[in-house]
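*Asks:* A single structure is presented below for examination.
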Amino acid sequence: GFMKHNTPRQNEHCLTNFDLAEYRQVLSDLAIQIYQQLVRVLENILQPMIVSGMLEHETIQGVSGVKPTGLRKRTSSIADEGTYTLDSIIRQLNSFHSVMCQHGMDPELIKQVVKQMFYIIGAVTLNNLLLRKDMCSWSKGMQIRYNVSQLEEWLRDKNLMNSGAKETLEPLIQAAQLLQVKKKTDEDAEAICSMCNALTTAQIVKVLNLYTPVNEFEERVLVSFIRTIQLRLRDRKDSPQLLMDAKHIFPVTFPFNPSSLALETIQIPASLGLGFISRV
């Protein structure tokens with residue numbers, strides 16, 4: 001396929017006495033291995049920031065000033081100073097993006113890396129939300145939606161809205177919406193079931209069970225309402241698993257981008273000691 005994109009002069013540079021076919025799989029496997037190692041390194045840097053930056057830190061000051069009923073005596077396990085914020089996450093994403101661009105990484109590969117980073121942000125945030133009663137409140141839903149909007153703005157600024165990264169946040173977005181919508185009538189139940197198509201039944205029910213009123217005037221979600229949700233979703237064929245797989249890596253694809261580089265014009269530095277090579 002690449003020969004179609006080559007100039008006649010470039011095709012003259014193709015190897016004639018050496019077949020690279022048997023090395024293609026080796027090189028492909030190596031490229032995939034390098035990509036996965038890169039993803040793991042970036043994830044290890046990003047992961048410690050996610051829970052604090054996306055869930056615990058108050059991006060909108062005052063919204064979470066009132067702790068949910070029954071949880072007001074709880075203190076944060078992390079001291080205020082030295083914690084990560086949403087800005088910490090965005091600065092780190094900026095750093096990743098800058099390094100990839102500076103090293104001439106293919107734009108399509110950058111999109112795939114960013115999509116992977118957004119997936120882990122969404123998965124780790126949602127998993128912690130599903131395990132923490134103190135995070136399941138109306139005000140926290142508003143905080144999460146604001147944080148997600150800032151991440152979406154980052155994608156727009158970097159011209160990465162078509163990378164698929166935004167879509168990986170959909171389960172988290174729907175969980176945040178679930179915290180904010182009304183949860184009383186049959187109409188509410190119907191709206192929730194149609195809205196939360198990226199969440200599993202187990203995840204929807206868990207959020208409803210954990211939901212904690214912000215004040216005494218707000219009612220808890222009734223058991224009968226949760227049963228109504230379960231009945232409406234009983235025919236849905238989705239995973240019984242509660243938590244997302246935060247270690248999942250999307251399959252990588254390496255695009256072929258034709259190069260206009262003329263090999264006969266390349267200047268080989270003398271420091272490489274390749275003087276025995278002659279330019280053809």
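*Asks:* Relative contact order for the chain using alpha-carbon pairs under 8 Å, separation at least 6, rounded to a whole percent?
*Replies:* Relative contact order for the chain comes out at 23 percent.
*Asks:* Report, in degrees rounded to the nearest 10, the 0 to 90 angle that the Cα long axis of helix 86-102 makes with the longest principal axis of the chain.
*Replies:* For 86-102 against the chain, the angle is about 10 degrees.
*Asks:* Can you list the aspartates and glutamates whose alpha carbon is less than 17 Å from that of residue 184, not counting same-chain residues fewer than 8 positions off?
*Replies:* Of all the aspartates and glutamates, those that pass the test against residue 184 - Cα under 17 Å, at least 8 places apart if same chain - are 216, 218, 219.
*Asks:* So for the range 104-193, Kirkwood radius off the Cα pairs, Stokes-Einstein at 25 °C and 0.890 mPa s: how many µm² s⁻¹?
*Replies:* My calculation gives 172 µm²/s for D.
*Asks:* With axes computed from alpha carbons, what is the tilt in degrees of helix 138-157 against the longest principal axis of the chain, rounded to the nearest 10 within 0 to 90?
*Replies:* Roughly 20 degrees, rounded to the nearest 10.
*Asks:* Assigning unit charges at the beta carbon (Lys, Arg +1; Asp, Glu -1) and nothing else, what dipole magnitude in debye, to the nearest 20, does the range 8-63 show about its Cα centre?
*Replies:* My answer is approximately 140 debye.
*Asks:* Please arrange 97, 103, 13 by counting, for each residue, the other beta carbons lying within 10 Å of its beta carbon, fewest first.
*Replies:* Going from least to most buried by this count: 103, 13, 97.
*Asks:* Taking only Cα atoms, what is the 0 to 90° angle, nearest 10, from helix 223-232's long axis to the longest principal axis of the chain?
*Replies:* Approximately 40 degrees, to the nearest 10.
*Asks:* Hand me the trypsin sites (Lys or Arg not before Pro) from the range 188-280 located in a DSSP loop with no more than 11 other Cβ atoms within 10 Å, in residue order please. It would help to have the intermediate numbers written out before the result.
*Replies:* Values: sites: 206, 220, 227, 232, 234, 236, 237, 247, 279; in loops: 220, 234, 236, 237, 247, 279.
Here the trypsin sites (Lys or Arg not before Pro) that fit, given the DSSP loop and packing criteria, are 234, 236, 237, 247, 279.
*Asks:* In the structure displayed, which of 111/140; 115/158; 115/206; 140/182; 133/247; 133/183 lie more than 19 Å apart, Cα to Cα? Walk me through the numbers before you get to the answer.
*Replies:* Details: 111/140 29 Å; 115/158 13 Å; 115/206 27 Å; 140/182 15 Å; 133/247 24 Å; 133/183 17 Å.
Distance filter (> 19 Å) returns 111/140; 115/206; 133/247.
*Asks:* Moving on. Exposed loop chymotrypsin sites (Phe, Trp or Tyr not before Pro) only (DSSP loop, at most 16 other Cβ atoms within 10 Å): please give the longest stretch of the chain free of them, not including the sites.
*Replies:* 19-216
*Asks:* Here is a follow-up. Compute the signed sum of charges (Lys and Arg +1, Asp and Glu -1) over the other residues within less than 14 Å, Cβ to Cβ, of residue 197.
*Replies:* -2
*Asks:* Karplus couplings for the range 183-195 from phi (6.51 cos²θ - 1.76 cosθ + 1.60, θ = phi - 60°), rounded to Hz, Gly and Pro as x?
*Replies:* Computed from phi, the couplings for the range 183-195 are 9, 10, 8, 4, 5, 4, 4, 5, 5, 5, 5, 7, 6 Hz.
*Asks:* For Cα pairs less than 8 Å apart in space and 6+ apart in sequence, what is the mean separation divided by the residue count of the range 148-280, i.e. the relative contact order in percent?
*Replies:* On the way: 75 pairs, mean separation 26.6, N = 133.
Reported as a whole number, the value is 20 percent.
*Asks:* Debye calculation, C-alpha points only, no solvent: report log10 I(q)/I(0) for the range 134-279 at q = 0.12, 0.19, 0.21, 0.22 Å⁻¹, in the same order as the q values.
*Replies:* -0.64, -1.19, -1.32, -1.39
Bear in mind these aren't lab numbers, they're just calculated from the coordinates by the rules spelled out. All values reported here derive from a predicted model rather than from experimental measurement. Don't worry about glycine lacking a Cβ; one is built from the backbone with ideal geometry, like all the others, and counts go over all protein chains shown.
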